[in-house]
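Notes follow the structure.
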Amino acid sequence: MKRSRTTSLVVMGLTPLFMSACGDDAQKSQQEFSTVDACTQAGVPSTSCQEAYEKAVGDASVSAPTFGSRDQCGAQYDEDSCQPQMGTGGNEVWSPAINGFLIARVIRGGHTTYFPAGPVYLKRDNTNYSPRYGGVYASSGSAGWRSVPSEEVAGEGDTASRGGFGGGEEGGRS
C-alpha cells in the first residue's frame, strides 16, 4: 500500500474519535428576572443583564400576545398591564406589558457565557408566559436557574463563530 493511501485510511479511522471529542458537555440553564438590578444582584455581569433586558423590550413589540380589546387581553393577563398599540394593519390591538426577561447561562469548560432569552408576561393565574417557549415558563432549581436541554437555550447558537477546532468564541457575554 502506498504511504498516501495508508495516511488517508488512518485519518478516516481517527475521524470518529476526533468528532466524539467535540461533544456538548455544557451546563445550560435560564432564569427570569424582573429588573436589571435583580439580574446583576444574582451575579450576572451588568452588560449581559442590560443587553437581555433591552432585547426583551425590543422583542416584545413583535412577540407579545395581541388581542382585539382590553377585555380579551385582561381575560388572560393582568388587565392593568394590557396596553394599546398599533397593529400591523393600522388597527388598535392590546398586549400585556412585559413582566420580566429571561437570560440564558451556558457553562462550558469552566467559562460562563450569558445570552438574552426573551420577554416574559404575567398571566392572570400568576404564572409567567414566554413566547419563546410557547407556554408557561416556571423557574426552578438552585438559585433560580432552571436547567434546560441544549436545544432550548435561546440565543446560544445565534451568534456562534464557525471557526473549526478552537477557531472562535461563541456569541453572548461572559
ask   = Which residues, taken from segment 67-89, are out of contact with any Cys (no Cβ under 8 Å at 6 or more places or on another chain) and in contact (Cβ under 8 Å) with a residue 12 or more places away in the chain?
value = G68, S69, Q72, A75, Q76, Y77, D78, S81, Q83, P84, Q85, G87
message = Please go through segment 24-44 and give me each residue that is touching a strand residue (DSSP E or B) at 6+ places or on another chain (Cβ under 7 Å) and either modelled with pLDDT of 95 or more or outside any loop (DSSP other than H, G, I, E, B) (or both), ordered by number.
response = Q27, K28, S29, Q30, Q31, E32, F33, C39
task = Scan A64, A21 and give me the residue that is at pLDDT 80 or above and among the small types (G, A, S).
result = A64
inquiry  = Considering only segment 72-86, I want to know if a residue exists there that is modelled with pLDDT of 85 or more and among the hydroxyl-bearing types (S, T, Y).
reply    = yes
note = Flagged in segment 24-76 as of a type in the set (A, V, I, L, M) and touching a helix residue (DSSP H, G or I) at 6+ places or on another chain (Cβ under 6 Å), in numbering order, are V36
request  = Give the residue, chosen from A104, A64, that is within 20 Å of K28 (Cα to Cα) and among the hydrophobic types (A, V, I, L, M, F, W, C).
outcome  = A104
request  = Can you give me the number of residues within segment 28-85 that are of a type outside the set (D, E), in contact with a Leu (Cβ under 6 Å, 6 or more places away or on another chain) and under 15 Å from A97 (Cβ atoms)?
outcome  = 0
request  = Residue by residue through segment 78-122, note down the ones that are over 15 Å from A60 (Cα atoms) and over 18 Å from the mean Cα position of the chain (by Cα).
outcome  = D78, E79, D80, G89, G90, N91, E92, G109, G110
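The values are calculated or read from the model by the stated rules, or taken from the named source; none is laboratory data. All of these numbers come straight from a predicted model, not from anything done at the bench. Reconstructed Cβ throughout: ideal geometry from the backbone, glycine too, with neighbour counts over all protein chains shown.
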